[in-house]
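Participant: Got a structure for you, written out below as structure tokens; questions coming shortly.
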Amino acid sequence: MKIRSLSELDAAIDKELAWRKRELTTLWFAHETARDHVKLTMRRAGVALLYAHWEGFVKRAGTSYCEYVKRQGLRLRDASLSFLALGLRRQLEEASHTMKGRRILDTLAFIIDGADQKLKLSTASAVQTKSNLSAERFLEILAFLGLDSTIYQTKCHTVIEPLRISRNEVAHGHFLEIDEEMYHATA
């Protein structure tokens, strides 16, 4: 997917969000009209699906944003620190895992002398949810993307973590009774 403009980015994120909302709304209405003995199973499935959409949306929206930034043709010197870190992640990781002074110096020289080079981003690996998107990991992703996390701070412990914990219980085969109030709060 090549995202070159803000309108293309907006369209990609809207499209990604739309099908997810539609699917969750369909499940919501099915739950509301289901027989009582079916509702618990639907709530448990709903928590797993809601979490899957949460993690999937964060990954896809973040990747789309990285694709947009990549297509701007920024030079290293013009990139924000967060995208500079993403663009140089491989070199930084290699340098941090060595005790060889030459490797560290080569990395620093590459950063300083290569300031006029174009920023190269690997969008496929830019957003890493690690298959278990915790609130802490979500905030790290926002920081890596250079996005303000202030509005999410209060939701981390009241929405994100309870959803992740509930999903883990269900996904790992544990019985977790999700009552209607809890389901309505998360869905």
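The values are calculated or read from the model by the stated rules, or taken from the named source; none is laboratory data. None of the values given here were measured: they were computed from a predicted structure. Heads up, the Cβs are rebuilt from the backbone with ideal geometry, glycines too, and the neighbour counts pull from every protein chain shown. We work out accessible area using only protein heavy atoms, side chains counted, and drop any ligands, DNA or RNA first. Shrake-Rupley method; radii C 1.70, N 1.55, O 1.52, S 1.80 Å.
Participant: What does the accessible area per residue of the chain come to in Å², with a 1.4 Å probe and no ligands, DNA or RNA counted?
Facilitator: With all protein chains present, the chain gives 62 Å² per residue.
Participant: Please work out how much length the chain gains when fully extended from Ala171 to Gln91, using 0.36 nm per residue of separation minus the C-alpha to C-alpha distance, in nm with one decimal. Show your work: numbers first, answer last.
Facilitator: Values: separation 80, 0.36 × 80 = 28.80 nm, distance 3.62 nm.
Contour length minus Cα-Cα distance gives 25.2 nm.
Participant: Next question, about the same structure. On a C-alpha basis, how far is the centre of the stretch 53-68 from the centre of the stretch 145-166 in Å? Whole number, if you could?
Facilitator: Measuring centre to centre over Cα atoms gives 16 Å.
Participant: Related question: Counting other Cβ atoms within 10 Å of each Cβ, which GluC sites (Glu not before Pro) in the stretch 145-187 have at most 15 and sit in a DSSP loop?
Facilitator: Values: sites: Glu169, Glu177, Glu180, Glu181; in loops: Glu177.
Here the sparse-neighbourhood loop sites are Glu177.
Participant: So which trypsin sites (Lys or Arg not before Pro) in the stretch 10-76 end up in coil per DSSP with only 15 or fewer other C-beta atoms within 10 Å?
Facilitator: Numbers: sites: Lys15, Arg20, Lys21, Arg22, Arg35, Lys39, Arg43, Arg44, Lys59, Arg60, Lys70, Arg71, Arg75; in loops: Arg35, Arg71.
Answer in residue order: Arg35.
Participant: I've got another one for you. When the chain is modelled as a GNM with alpha-carbon springs shorter than 10 Å, which of Ile111, Ile141, Ile151 fluctuates the most?
Facilitator: Ile151
Participant: What does the C-alpha gyration tensor say about the overall shape of the stretch 33-117? Classify as rounded when a/c is under 1.5, otherwise prolate if a/b is larger than b/c, or oblate.
Facilitator: Values: a/c = 7.97, a/b = 2.57, b/c = 3.10.
Because a/c hits 1.5 or more and a/b fails to exceed b/c, the stretch 33-117 counts as oblate.
Participant: Using helices alone, I'd like the mean residue ellipticity at 222 nm for the chain: each DSSP H run of four-plus residues gives -39500 (n - 2.57), total over residue count, nearest 500. Please report the intermediate quantities before stating the final value.
Facilitator: Working: 9 runs with 123 residues, N = 187.
Rounded to the nearest 500, it is -21000 deg cm²/dmol.
Participant: Next up: Could you give the length gained by full extension between Cys156 and Asp116, i.e. 0.36 nm per residue of separation minus their alpha carbon distance, to one decimal place?
Facilitator: Working: separation 40, 0.36 × 40 = 14.40 nm, distance 3.88 nm.
Net length gain for the segment: 10.5 nm.
Participant: What's the lysine pair count for the chain at a Cα cut-off below 17 Å, pairs eight or more apart or interchain?
Facilitator: 10
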